[in-house]
Amino acid sequence: MRHFLTLKDYSKDELLEIIDLAIKIKKQTYNRDFVPYLNKQTLGMIFEKSSTRTRVSFETGIYQLGGVGLFLSSNDIQLGRGEPMSDTARVISRMVDMVMIRTFGHDKLEEFASFSKVPVINGLTDKYHPVQLMADYLTIKEFKKDDNLVVAYIGDGNNMANSWLLLASIIGFELRVATPKGCECDSDVIEEAYKNAKISGAKIIISNSPQDAIKDASVVTTDTWVSMGQEAQKEQKLKEFDGYLIDNDMMSLAQDDAMFLHCLPAYRGYEVSEEVFEAHSDEIFSEAENRLHAQKAIMVWLDNKRD
Ligand code: CP
Ligand code: NVA
């Protein structure tokens, strides 16, 4: 049995296999051919943080696959009143066929998975957002025909940035990450990315210069400067990101036909300008839609790996 907790646990071949499956399932969905790959299965969806995309895509996805999703907000289940993660995992995983969790510490997700009898999917932790990256990569494959990917991530060294480091270093493309000083990615993830890059041939460049990072990039991406759980640091963080807004001037340094991706929700006037956002809205909302297709593929793939 496999879990989907971080891209670190996956080989390039496995990630590409899931992407191919997502392309196939997306095509079937567009033809209104809802193949019941997960007939009668139940997906438990535990949310300790807010969500629009993750909730709607997983709930719709499992339904289209012939199963049903249970939305379990920590405000409503005993987890929110202090029942241990280990007990929650042992109860829920005896009743459902798969679990998705959105939580704070990555260790909480790992703890759940270690007690779970069924596959567990990371729906976002403070450290990683792997399902988002699968949707992002699927979107890049749809919009960019050439293989010479140069991705620039400009913003906070958060769960999205960490996940970009893993994706690029496993798949083997060029990634430039620019964060303000003090907002860098986690050092263990950077180390892991450099290690992976030696095998995959990826080029990983980490700096504090958005201009260097974006120069001639073919894909530009960012994320909110204030992630869920960091609300108290908002004022301080906003000051640190001076010069990190992706506006038309910044985008003009990238390739002329560069894509712009954003996992959403987006905060116009902070990490991205209204003009850049609207000029790239087709890419951004395809990326959001691809959450559905990529996650259906992840669920089907995990189901196939059961003992
Ligand atoms: N991108 C993303 O995960 O969105 P939600 O927080 O709305 O799920
Ligand atoms: N970095 C953001 C991503 C939201 C989808 C957060 O963790 O809030």
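For the pair LYS203 and GLU17, label points projected 7 Å from Cα toward Cβ lie 3.1 nm apart.
Using the alpha-carbon centroid of each, what span in Å lies between region 18-78 and region 212-236? For region 18-78 versus region 212-236, the Cα centre distance is 28 Å. Stretched out straight at 0.36 nm per residue, the stretch from PHE104 to LEU70 would grow longer than its current Cα-Cα span by 10.2 nm. Think of it as helices only: each DSSP H run of n ≥ 4 in the chain is worth -39500 (n - 2.57), and spread over all residues that comes to -13500 deg cm²/dmol at 222 nm. Share of Cα-Cα pairs in region 1-70 beyond 20 Å, in percent? Percent of Cα pairs beyond 20 Å in region 1-70: 42.
Given region 223-289, report the % of alpha carbon pairs whose separation exceeds 15 Å. Before the final figure, lay out each step's value.
Values: 1200 of 2211 pairs.
The calculated P(r) of region 223-289 puts 54 percent of pairs beyond 15 Å.
The packing ranking, built from the mean of other Cβ atoms within 10 Å per residue, places the peptides 230-241, 49-60 in the order 49-60, 230-241, highest first. Cross-link pairs exceeding 31 Å in C-alpha to C-alpha distance, out of LYS145/LYS181; LYS117/LYS203; LYS49/LYS117, comprise LYS145/LYS181; LYS117/LYS203.
Kirkwood radius for region 33-161, taken over all pairs of different Cα atoms as the inverse mean of 1/r, rounds to 16.0 Å.
P(r) tail for region 30-82: Cα pairs beyond 17 Å make up 43% of the total.
Assuming a ≥ b ≥ c are the square roots of the Cα gyration tensor eigenvalues, decide whether region 94-189 counts as rounded (a/c under 1.5), prolate (otherwise, with a/b larger than b/c) or oblate. It is oblate, given that a/c is not under 1.5 and a/b is not larger than b/c. Think of region 150-307 as a dipole: +1 on every Lys or Arg Cβ, -1 on every Asp or Glu Cβ, centred on the Cα centre; then among PHE173, SER227, TYR244, PHE173 lies furthest on the positive end. Hey, if you put +1 on the Cβ of every Lys and Arg and -1 on every Asp and Glu Cβ in the chain, which of ILE121, GLN132, GLY105 ends up farthest toward the positive end of that dipole? After comparing all options, I get ILE121. Each principal axis of the Cα cloud of region 116-275 was taken in turn, and the coordinate range along them, longest first, works out to 43, 39, 27 Å.
3J(HN,Hα) couplings calculated from phi for region 298-303 with the Karplus curve 6.51 cos²θ - 1.76 cosθ + 1.60 (θ = phi - 60°) are, in sequence order, 4, 5, 5, 4, 5, 4 Hz; Gly and Pro show x. In vacuo Debye scattering of region 149-198, one point per C-alpha: log10 I(q)/I(0) at q = 0.17, 0.24, 0.31 Å⁻¹? Each listed q maps to, in turn, -0.42, -0.83, -1.27. Here the scattering of the chain is modelled by Debye summation over its C-alpha atoms, one equal scatterer each and no solvent; at q = 0.09, 0.14 Å⁻¹ the log10 of I(q)/I(0) is -0.43, -1.06.
None of the figures in this text is laboratory data; all of them are computed from the coordinates on show. None of the values given here were measured: they were computed from a predicted structure. Ideal geometry is used to build each Cβ from the backbone, glycine not excepted, and the neighbour counts take in all protein chains shown.
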